[in-house]
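Take a look at the structure set out below.
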Amino acid sequence: MTAPRVPVELREFPEPDLPSGGALLRTAMSEVCGTDVHLWHGRLSGVPYPIIPGHVTTGTLDKARGELKDVEGRPLKEGDRLAFFDVHRTCGKCLACTAHRTPTRCPSRRVYGITDSATEGLYGGWAQKVYLEPGVIIAKLPDAVTFADYIGGGCGLLTSVHIIERAKITLGDTVVVQGAGAVGMSAAALAKKAGAGLVVLIGGPASRLDLAHRMGADVVIDLDSTTPAARLAQVMDLTNNIGADIVIEAAGSPRAFEEGLGFARNGGAYVIAGHYTNTGDSTINAHEHINRKHLDIRGCWGSEVGHFLRALRVLDEYRESVPWHEIGAKTYGLTQINDALAMAESMVIPKALIDPSA
Ligand SMILES: [Zn+2]
Ligand SMILES: [Zn+2]
């Protein structure tokens, strides 16, 4: 991706000379997520174009220089099925990493496929091989977890593990999820697994809502065929006019934020995860929506190693009851990348996958 708003180009790169502790991953699958569409629209600041997109990626170990180990210290060998944590170079020393305990806000942090430039090498999954620099966190895929399971969950699953941590769901809670993208669907699935009694998902397009239901949402509400007033009435009806214990925003719209405040009960919590880009201001009434309501609003930015590892365990445990593999609806080869981007932009399918060898 050489710049925003122009077609993605195919380029050949030399195979890198690996430093000690470095490795090459042979890509099996990567994804086109909402972030990639934002990158293509030029909506993220400080992106060092040209980039090789594809921040969450899986494949097999092609080669390594020296003994390569996974994050649990187990030696890895060629052909092992791997996933790696796309966030790297988090410093562990700065204020964010230490005193504030918010490593996702570390200024040194870099992310494959987003903040790593193609001028530096193969730092993205829309490539046949990905360079795993020394220090990148690597994990083996559990034996039962397929590439399609992992990439179907993708970054939306990692984000949702973090969301659920922030949401602090208590057994029996009523949870409203705003958004039927990969994040919203995974958040609904994990909310249910975390013990929510009732999970309501609001989103669109309508073609996704059946999958959202099968992912774990007890009730799905079609955003496109309802009014805000009707949605609020439905949530209130479902909660005996109390409102939801937890509301999760995975929609990325200022209007969704305004609306979500109304769904939460007095003393409830609202987790904001969908505003990865700046989509403009929301208009709220601090008295009515926050102060009087005694509402707890929590941001949720990026993910940490623990969320990545937990996502793998979640897939291992729940892949049979939650159809993550169905989120990755269609797979595209490298020559079809621009079609895949257009498909992701149009939101016709839940997620387009990239198989660079196809
Ligand atoms: Zn740091
Ligand atoms: Zn992503």
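Where the centroid of each part is defined by its Cα atoms, how far is region 130-151 from region 273-332 in Å?
Value for the Cα centre distance between the two parts: 21 Å.
If amide H atoms are built 1.01 Å from N in the plane of the peptide, which residues on other chains or at least 5 residues away come under 5 Å of the amide H of residue 354?
Those qualifying (amide H under 5 Å, at least 5 residues apart or on another chain) are 30, 31, 32, 332.
Between residue 9 and residue 143, what is the label-to-label distance in nm when each label sits 7 Å out along the Cα-to-Cβ direction?
4.7
At 0.36 nm per residue, minus the direct Cα-Cα distance, what do residue 287 and residue 70 gain on full extension? Give it in nm, one decimal, please.
Gain on stretching residue 287 to residue 70: 73.1 nm.
Pick out which of 329, 23, 251 has the largest mean-square fluctuation in a Gaussian network model of the chain, springs linking Cα atoms closer than 10 Å.
For the chain, modelled as a Gaussian network with Cα springs under 10 Å, the answer is 329.
Might you work out the accessible area of residue 13 for me, using a 1.4 Å probe with all protein chains in place, and round it to the nearest 10 Å²?
Rounded to the nearest 10, that gives 80 Å².
Apply the a/c threshold of 1.5 to the C-alpha gyration tensor of region 201-296 and tell me whether it is rounded, prolate or oblate.
oblate
Near residue 293, which aspartates and glutamates are there with a Cα under 17 Å away, not counting those fewer than 8 places off in the same chain?
By straight Cα distance, residue 293 reaches 245, 258, 259.
Please compute the length gained on full extension between residue 296 and residue 320, using 0.36 nm multiplied by the number of residues separating them and subtracting their Cα-Cα distance.
So the extension gain works out to 5.2 nm.
If the cut-off is a Cα-Cα distance under 18 Å, which aspartates and glutamates reach residue 69, setting aside same-chain residues fewer than 8 apart in sequence?
Within the straight-line limit of under 18 Å, residue 69 reaches these aspartates and glutamates: 78, 80, 86, 133, 143.
Please report the antiparallel percentage of DSSP beta bridges with both residues in the chain, rounded to the nearest 5.
45
What nm distance separates the two modelled labels at residue 358 and residue 339, each placed 7 Å from Cα along Cα→Cβ?
It is 0.9 nm.
Quote the accessible area belonging to residue 97 in square angstrom, nearest 10, computed with a 1.4 Å probe and with ligands, DNA and RNA left uncounted.
30
Which residues make up the longest stretch of the chain clear of GluC sites (Glu not before Pro) that lie in a DSSP loop with no more than 14 other Cβ atoms within 10 Å, not counting the sites?
With a cap of 14 other Cβ atoms within 10 Å, the longest stretch comes to 79-319.
Checking the cross-link filter: which lysines have an alpha carbon closer than 25 Å to that of residue 351, excluding same-chain neighbours under 8 positions apart?
Leaving aside lysines fewer than 8 places away in the same chain, those within reach of residue 351 are 129, 140, 192, 193, 330.
Using 18 Å as the cut-off for backbone N distance, which residues of region 182-224 belong to the label zone defined by a point 7 Å from the Cα of residue 255 along Cα→Cβ?
Residues 202-207, 221-224 qualify, since their backbone N sits under 18 Å from the label point.
Residue 221's amide H: which non-local residues (gap 5+, or another chain) put their own amide H closer than 5 Å, with H modeled 1.01 Å from N in plane and none for Pro or chain starts?
201, 202, 203
Taking the convex hull of the alpha carbon atoms in region 1-135, what volume per residue do you get, in Å³?
Given the Cα convex hull of region 1-135, per-residue volume reads 116 Å³.
Once fully extended, how much extra length lies between residue 20 and residue 43, figured as 0.36 nm per residue of separation less the alpha-carbon to alpha-carbon distance?
Fully extending the segment from residue 20 to residue 43 adds 4.7 nm.
The values are calculated or read from the model by the stated rules, or taken from the named source; none is laboratory data. Note that the structure is predicted; figures quoted are calculated from it, not measured. Every residue, glycine as well, gets a Cβ built from its backbone with ideal geometry; the counts of neighbours run over all protein chains shown. We work out accessible area using only protein heavy atoms, side chains counted, and drop any ligands, DNA or RNA first. Shrake-Rupley method; radii C 1.70, N 1.55, O 1.52, S 1.80 Å.
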